[in-house]
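No lab work stands behind these numbers, since they all come straight from the coordinates. This one's a predicted model, so the numbers in the text were calculated from it and none came from an experiment. No Cβ is skipped: glycine too gets one built from the backbone with ideal geometry, and neighbour counts run over all protein chains shown.
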Amino acid sequence: MNLIKIGCFVFGVTALLSSCKSNVKIEDEKTIDVLLQHRYTKLLEYPIDSLSFPRSMTVKTGNIEKVPSSDWTSGFFVGNLWQLHKLTGNAAYKERAEKWNAFIEKEKFNDKTHDIGFKVFSSFGQGLTVEDDNQDYKNIIVQSAKTLSTRFNTTVGAIRSWDFNKDVWEFPVIIDNMLNLELLFEATKISGDSTYHNIAVQHANTTLKNHFRKDNSTYHVVVYDTITGKPKDKVTHQGFNNESSWARGQAWAIYGYTMGYRYTKDKAYLNQAEATANFFINHKNLPEDGIPYWDFNDPSIPNAPRDVSAATVVASAFIELYGFTKDDKYLNYSKKVLNSLNSSTYILSSEVNGPFILDHSTGNWPKNDEIDAPIVYADYYYLEAILRMKAL
Ligand code: GLY
C-alpha cells in the first residue's frame, strides 16, 4: 500500500487515518481503502457510450444523469480516468480515457459556449500530462483555444460566457469562466501564438475589476453593455440571491486567480486569490469539517445542503496557493477537506452502482437540480487535490 504521511493524517493511493478533529465519522485506514478502491472500479465498469457521459446521479433511485459531449461537464469523467491512471498506475484507466477522449474531440469547433475550456482541458489537458508528446492532443487544445477566442469581445475585454437568456443578459460573464483560461494559457505555450495568452489576461483583468465585492466575495454573473463595455448588472444564476455568496462561485474565483498567477506572475491575481480564499476560510458559516454549505448565505443553514464540489475545487487550488505563498493555512484547509472526505460520511456507499466517488455536492439549487448528490466535477478536483498533495 502506497501511503503518504502529511501532518496529522495519512493518505495515499488509498486511504486516510486521522487523529485530527473533525465532525465526520472516522474509520480505520483499511476500511477507507476498500471503500475508495470499490468506487474507483465503478468508473472502469461504466459502459462506453459516446452520448452518455456520466454527470451526476440520484442515489435514492440509482438514476444516472447522462449527457453528450456538448455538456459543460463532459470532460470531467474522462479527466477522472486519466487521474486514476496517474494515482494507481493501472493501464486500464488510461485505455478507457483514450476511448472517451475521442468522443470529446468534436467539441473543439463548438463555439456556442465558453465551456470548451472545461470540456477540452479536463480531458485532453489531463491526457497531455500522461502523454506529454501527443501531437494530436496538442492540436486539439490549440484549435479549441482558437474557437474560444471567437467569443472574446474587445470593447468589453472579456469572453462571453453564455448565449441563452439573450433578451435579459446582453453580454454575460460568469466567474466560472476563469477556469476556461487555462486552455488559452496552455495553447500559447504549445503554439507560441501569444493571442490566446493575451485574451486570457484581458479577461482576467476585466473580471478582477468588476466581479468582486468589497469583502472579496464574488458575484456570479456580471452583465456588460457591449457599446460602452461597462458592467450594467451584477446578478446570480445559481446562487441564493444576487448578493449572496454561492460557494462554488467563490471556489472558481480562488482557483482561477491562483491558476492565472501561475501563468502570468501578476501579483494582483495572487492578491485576489488570497483575499477570496480568506473570505472563504474565515466565513462564520463554514462548517468545522471544511465542507461548505452550497451558498454561504442560505438562511436555512445549518440545515442547508453542502457542496462537496466547492470544497474540492478550493482544496486543490489551495495546494497550489500554498506553493506560491508558503502560508500553512491553505495547506491545512486542503488537508482538513481531504481528511473529512475520506470517510464514509462523504464517500459514496459501496451499495450504490454509479461511476462516482463522492456524495453530497449541490449542482443547481435554484432549479432544484442535483441537490446533495454525487457530481462528476467534485470527484475531478478531489483526485486533482490528492495528486497535488502527493507531488508536494
Ligand atoms: N460552471 C457551472 C457550475 O459551476 O455549476
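Distance from the Cα centroid of the stretch 35-53 to that of the stretch 228-259 is 32 Å (rounded to whole angstrom).
Please report the relative contact order for the chain, taking Cα pairs under 8 Å with a sequence separation of at least 6, and give it as a percent rounded to a whole number. Please list the in-between numbers first.
Details: 781 pairs, mean separation 68.4, N = 392.
About 17 percent, as a whole number.
Let me have the relative contact order for the stretch 136-243, percent, based on Cα pairs under 8 Å that are six or more residues apart.
Rounded, it is 27 percent for the stretch 136-243.
The alpha-carbon atoms of the stretch 276-392 define a convex hull whose volume equals 106 cubic angstrom per residue. Using only the C-alpha atoms, the convex hull of the chain corresponds to 129 Å³ per residue. When both the stretch 144-161 and the stretch 276-326 are represented by their alpha-carbon centers, they are found 30 Å apart. When peptides 63-76, 179-192 are sorted by average Cβ neighbour count within 10 Å, with the highest value leading, the order is 179-192, 63-76.
Put the Cα centre of the stretch 83-118 next to the Cα centre of the stretch 171-201 and the gap is 19 Å. Screening the chain for whole DSSP H helices with an alpha carbon extent of at least 18 angstrom along the helix axis and a mean Kyte-Doolittle hydropathy of at least -1.0 yields 29-45, 74-88, 91-104, 135-149, 195-210, 247-264, 267-281, 308-325, 328-341, 376-391. Most tightly packed first, judged by the mean number of other beta-carbon atoms within 10 Å of their residues, the peptides 193-200, 291-298 read 291-298, 193-200.
Less than 13 Å Cβ to Cβ from Asp327, Lys/Arg counted +1 and Asp/Glu -1: what total charge do the surrounding residues give? Walk me through the intermediate numbers first.
On the way: positive: Lys326, Lys329; negative: Glu274, Glu320, Asp328.
With Lys, Arg at +1 and Asp, Glu at -1, the net is -1.
Each peptide among 362-369, 212-219, 248-255 gets the average number of other Cβ atoms lying within 10 Å of its residues, and from highest to lowest they stand as 248-255, 212-219, 362-369.
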